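Shown next, in structure tokens, is the structure this report addresses.
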Amino acid sequence: MLDCIKRMKGERTLSGLYHILTGKRSSQTLQDARVYQISRYFGIYKSLSRYDLDRLIDELEQEGDIERAEGGSAYLTTKGEAKVEDGRDPLPYLNGFLLHDIVPQFARKLLLYIQTITNMTRNELHFIPIIEDKNVQEWVRERYDQDKKQLQAVNDAIFCELHAFLTRLTETQAHLFVNRLSGGGYIGKTLQQLSDDIEYGRHDIHVFLHHLWSQLYVTVRNETAILYSFTDDTKPLITRSAQKTHDLLQKGHQLAAVQEIRNLKMSTIQDHIVEMALMLPEFDILMYIPDSDAIHSIAAAAKRLETKKLKTIHQACDGRFDYFHIRLVLARYLQ
């Protein structure tokens, strides 16, 4: 949270921070995540409540790490700056922008499969699934049907690959990971129980676990055999509505025609175009920018003033470019 607040420079509200951590799929949140270089945190805590975020912000303020500002934003104090700039990165495997949906799905599938095969190999045929997601349950059911003739071999292979992964972790990290597993007569610990074990807050435990699953996902994609089959390919992070607008543009429709066909405000269509500039490297933004001088002027103003605030850049450019053009340049060239 301190890292996000520092990078946002008081130019976005704490509500914007909340939307990033919970992965709100809006054009503004996607752009904020990329432009302020905090996309790694996007969607890493979808279950975080606004009440809990406010309590955490209160704690940071009481500890003297941040100061609130008018308009709902915040700045780091000298004390807070020192905490962020100590040179350590305790969460190097976070990649929320690409993996915020994929890592939790990978975790759910593997957790339920481990619970299933460890119970089945002990002939415990009746158990309550720890994962309630019906799609995951169906995936595990089909996977189990494929593996049941060689269940012990599959069990052993998963054990070996997870053991190799766990040996790379600290004792605390391995404790967190292993004690969340269920199966074979054992029920994994809750976040609160793990918090009591290692004396970290449950919010920290959630983020630690998300990071561990992200690390396992990266390891699996690069090195392992059987666990690779539990992963999914990454998909472009573009909202469904923006995809519909993109499809119409690809068919040659102009903006006014797209607006009429989709029956949306022009500002919404522009939001979609900014989203495409963020997420689709091949998307050509030049046809939506007045000229190359606009790109140079907007980029130069943003760099000179060290800001991503639209109003400030707009004023620095003497109002020659509207906010849509500024957002496009920030999205494509100043991430």
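The values are calculated or read from the model by the stated rules, or taken from the named source; none is laboratory data. Since this is a predicted model, take the numbers as computed values, not measurements. Methodologically, a virtual Cβ is constructed for each residue, glycine included, from the backbone with ideal geometry; neighbour enumeration extends over all protein chains shown. Each accessible area value is taken on the protein alone, full model and side chains, heavy atoms only, with ligands, DNA and RNA left out. Shrake-Rupley method; radii C 1.70, N 1.55, O 1.52, S 1.80 Å.
Go through the residues of the stretch 288-302 one by one and say whether even a single one is out of contact with any helix residue (DSSP H, G or I) (no Cβ under 6 Å at 6 or more places or on another chain) and more than 24 Å from residue 322 (Cβ to Cβ). The answer is no; no qualifying residue exists.
Within the stretch 30-63, the set of residues being assigned to a helix (DSSP H, G or I), in contact with a helix residue (DSSP H, G or I) (Cβ under 9 Å, 6 or more places away or on another chain) and within 19 Å of residue 207 (Cβ to Cβ) comprises 33, 39, 40, 41, 50, 52, 53, 54, 56, 57, 60. In the stretch 238-283, the qualifying residues are those that are assigned to a helix (DSSP H, G or I) and basic (Lys, Arg), and the one that is modelled with the highest pLDDT is 262. For beta carbons closer than 6 Å, sequence separation of 6+ or different chains, a first residue in the stretch 103-130 that is more than 12 Å from residue 184 (Cα to Cα) and open to solvent by less than 30 Å² (accessible area, probe 1.4 Å) and a second that is part of a loop (DSSP other than H, G, I, E, B) and among the hydroxyl-bearing types (Ser, Thr, Tyr), the qualifying pairs are 106/231.
For the stretch 64-88, a residue qualifies if it is of a type in the set (Asp, Glu), open to solvent by 80 Å² or more (accessible area, probe 1.4 Å) and part of a loop (DSSP other than H, G, I, E, B), and the qualifying residues are 70, 85.
Given the structure, is residue 299 open to solvent by less than 40 Å² (accessible area, probe 1.4 Å), in contact with a Leu (Cβ under 7 Å, 6 or more places away or on another chain) and either outside any helix (DSSP H, G or I) or in contact (Cβ under 8 Å) with a residue 60 or more places away in the chain (or both)? It is false that residue 299 is open to solvent by less than 40 Å² (accessible area, probe 1.4 Å), in contact with a Leu (Cβ under 7 Å, 6 or more places away or on another chain) and either outside any helix (DSSP H, G or I) or in contact (Cβ under 8 Å) with a residue 60 or more places away in the chain (or both). In the stretch 224-237, the residue that is modelled with the lowest pLDDT out of those that are closer than 20 Å to residue 154 by Cα and not polar (S, T, N, Q) is 232. Within the stretch 148-186, the set of residues being among the hydroxyl-bearing types (Ser, Thr, Tyr) and farther than 16 Å from residue 118 by Cα comprises 167, 170, 172. A residue that is in contact with a Lys or Arg (Cβ under 8 Å, 6 or more places away or on another chain), at pLDDT below 95, in a helix (DSSP H, G or I) and within 28 Å of residue 24 (Cβ to Cβ) occurs nowhere in the stretch 107-114.
When residue 192 is tested against (1) open to solvent by 40 Å² or more (accessible area, probe 1.4 Å); (2) touching a Lys or Arg at 6+ places or on another chain (Cβ under 6 Å); (3) touching a residue at least 12 places away in the same chain (Cβ under 8 Å), exactly one condition is not met: (3). Every condition in (1) touching a strand residue (DSSP E or B) at 6+ places or on another chain (Cβ under 8 Å); (2) modelled with pLDDT under 90 is met by residue 85 except one, and the failing one is (1). Right, residue 267: open to solvent by 30 Å² or more (accessible area, probe 1.4 Å) and under 14 Å from residue 325 (Cβ atoms) or not? Answer is yes for this residue.
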